[in-house]
Every structure is written in C-alpha cells, then in structure tokens.
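To start, the structure itself, in structure tokens.
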Amino acid sequence: MSAAENLGELLHRNCPNCETDNSSRPALGYSWQDWKLRKCGACGFVYLENPPDYADFKVAFAWEKNHGDRKVRMRKEYPLAYAISRAWRKFYRWAVRKPDKLVKRINKWVPPGLVIDVGCGNADRLLSLPTHYETSGIEISKALAEEAQGLLAARGGSIINLPAVEGLASYEAATASGVLMRSFLEHEHKPVELLSHAARVLKSGGVAIIKVPNFSSINRRVMGSRWCGFRFPGHVNHFTPASLRAMVADAGFSTVGFGFFDRFPLSDNMWMVVRKGG
Ligand SMILES: [Zn+2]
C-alpha cells in the first residue's frame, strides 16, 4: 500500500532555504515509498519535496498520529533495531536522569515575560515553566489545542489553534520574551517564514530556543534510512549545524547558545539559542 494514499493532493516544495526547484535532481536514497527527499543543488539543504497539504495534515496527520506511524514502520521493517533502540533509550534515560534541557535553557536565557511555545501539544512544556513567565501556545491539532487550553486555564495562558506561521503572525510585534521551537522546525513547511515571524514577535533581547534533529549526526551516517530523524511525511526539513546557523542569521537572529555539546555529533538532535538584536 502506498503511504501517500488518502492524503489528497501532495504539495510541491522548492528548497525552503533558497527557493530553488530541485525536482529534476535525483531523490536521495533516504527517500521512502512516495516521499521524496531532495538535496538542493544550489545551497545543499535537504528537504521533503512533496508533503501532504496542511488541510489534510490537520485531519489525518496530527502530531500524535504521525509519531505512531514511525513506530509501526520501524517495528515492521527493522524489528531488531527497533527493540534495541527502545531498550537503549529507556536505559539511558534511567542512567543519566539529566535535568530538563529545555527548562535549563529557558532559565538561563529567556527574560521574564511572555513565552510562546510553537507546536505546544497538550501544553506540558508551558505548564513546567516558572511562574514569572506568561504562557501562550500554538497547536495545529484541534484535540490537543482543546486539551492544552483546559490544562493552561489555571495559569491564565492562551492557546491558538492554527498552523504555526499563521499562529505566530497573529501576535503583536515585539511582545514576547521567548519563542520555543522544540522538535518543531523539522515539521514546518515554511521554516524561513516561521523564523522571521519569531523574530518579529520577540522584543529586542528576547530569545528563541530551537531543538531539531541533526542531519550531520554520526548516527545518521551509521543508521542510514533507519535513523530516527527520518519520519515520513512529518519531518520536512533536515538541518545541519551550518544550515541552521545560516537560516537563523537570515531571519535576523544572533546565535548565543550553540556550543559543541549543543550540537554533539553523537546525539541525534541539536539545541540552539538565538537572540533578537545581538
Ligand atoms: Zn536551496
């Protein structure tokens, strides 16, 4: 069965970084079923060319479902690798028990004020913020947005049930202290627009915190198609440290937190803290 069945008309994306049409280039070997990953011939950015449209995405591919699809695929196609990776992650979490990486960065970098969580899910991250932050979230899934609104009501926070770009566009300019994009930018069809809206809604000195899979990670090279950063059709952008740096700089941000351990090559993900206005 085709993975793209029942998803309506698929979109065609040019390179989200530089707008080059790469449809005549061969798809990368990491592509899966109908989903085509391209490497931009002009700038080298790696992206999914043909994701489903937002309208279908909202109904059939809300985050929670999309997440489940990868598990099903991994279990079916790579049962041993799946079992080992699950057991390892469980052990690692137990053995390391590190403090929450997001909260640590928020406390270090985000000035008091309004924090907007892009792709807030059921608001679990917003609920864990210290009380000197006002909270607001954007969530495309109607079910999750309703759950989030209920849970956040006690703190006085607000939830916007829209796609991320439209959601961020609805905030006044220069009103937020922090914008969180944790495991979000890899899903966004228009990452350049999203980052420029993030810069617009932040006050001068406000920061955005970004966590994305690191396409340059050693695990991607070792695991190939089985790498956990490949999720079809959910992950539509595959950032390297260099391409992420370039995109945030183009949006008007200065990178303030992106040390070696924030982009550690043995980790599947990288964390970046960027500030508006130096
Ligand atoms: Zn490009």
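Restricting attention to the range 100-276, lysine pairs at least eight places apart or on different chains and with alpha-carbon atoms under 27 angstrom apart total 18. A Förster radius of 30 Å combined with the Cβ-Cβ distance from S23 to A83 puts the calculated FRET efficiency at roughly 0.20. Of all complete DSSP H helices in the chain, those with a Cα span along the helix axis of 18 Å or greater and a mean Kyte-Doolittle hydropathy of -1.0 or more are 79-96. You can think of it this way: the chain between N14 and R93 has 24.6 nm of extra reach, that is 0.36 nm per residue less the Cα-Cα gap. Viscosity 1.002 mPa s, temperature 20 °C: what is the translational diffusion coefficient of the chain from Stokes-Einstein with a Kirkwood Rh over Cα pairs, rounded to a whole number of µm²/s? Taking Rh from Cα pairs, D becomes 110 µm²/s. For the range 120-130, putting each phi into the Karplus relation 6.51 cos²θ - 1.76 cosθ + 1.60 with θ = phi - 60° gives couplings of 7, x, 8, 6, 4, 5, 4, 5, 8, 6, x Hz, in residue order, rounded to whole numbers and with x for Gly and Pro.
DSSP finds beta bridges in the chain, and of those with both partners inside it, around 50 percent are antiparallel. Here the 3J(HN,Hα) profile of the range 22-36, calculated from phi with Karplus coefficients 6.51, -1.76 and 1.60 at θ = phi - 60°, is 10, 5, 8, 7, x, 6, 5, x, 7, 4, 9, 6, 7, 7, 10 Hz, Gly and Pro shown as x. Inter-label distance, A154 to A174: 3.7 nm, where each label sits 7 Å from its Cα along the C-beta direction. Per-residue extension of 0.36 nm, minus the Cα-Cα distance of T255 and C43, leaves a gain of 74.3 nm for this segment. Taking the DSSP beta bridges with both ends in the range 123-249, the antiparallel portion is around 0 percent.
Per the Kirkwood formula applied to alpha carbons, the range 173-278 shows a radius of gyration over Rh ratio, Rg over Rh, of 0.99. Here is the list for the range 96-202: GluC sites (Glu not before Pro) lying in DSSP coil, each with at most 11 other C-beta atoms within 10 angstrom of its C-beta, are E172.
Just so you know, all these numbers are worked out from the coordinates, no wet-lab data involved. Predicted model, so just to flag it, every value in this text is computed and none were measured. Backbone-built Cβ (ideal geometry, glycine too); neighbour counts: all protein chains shown.
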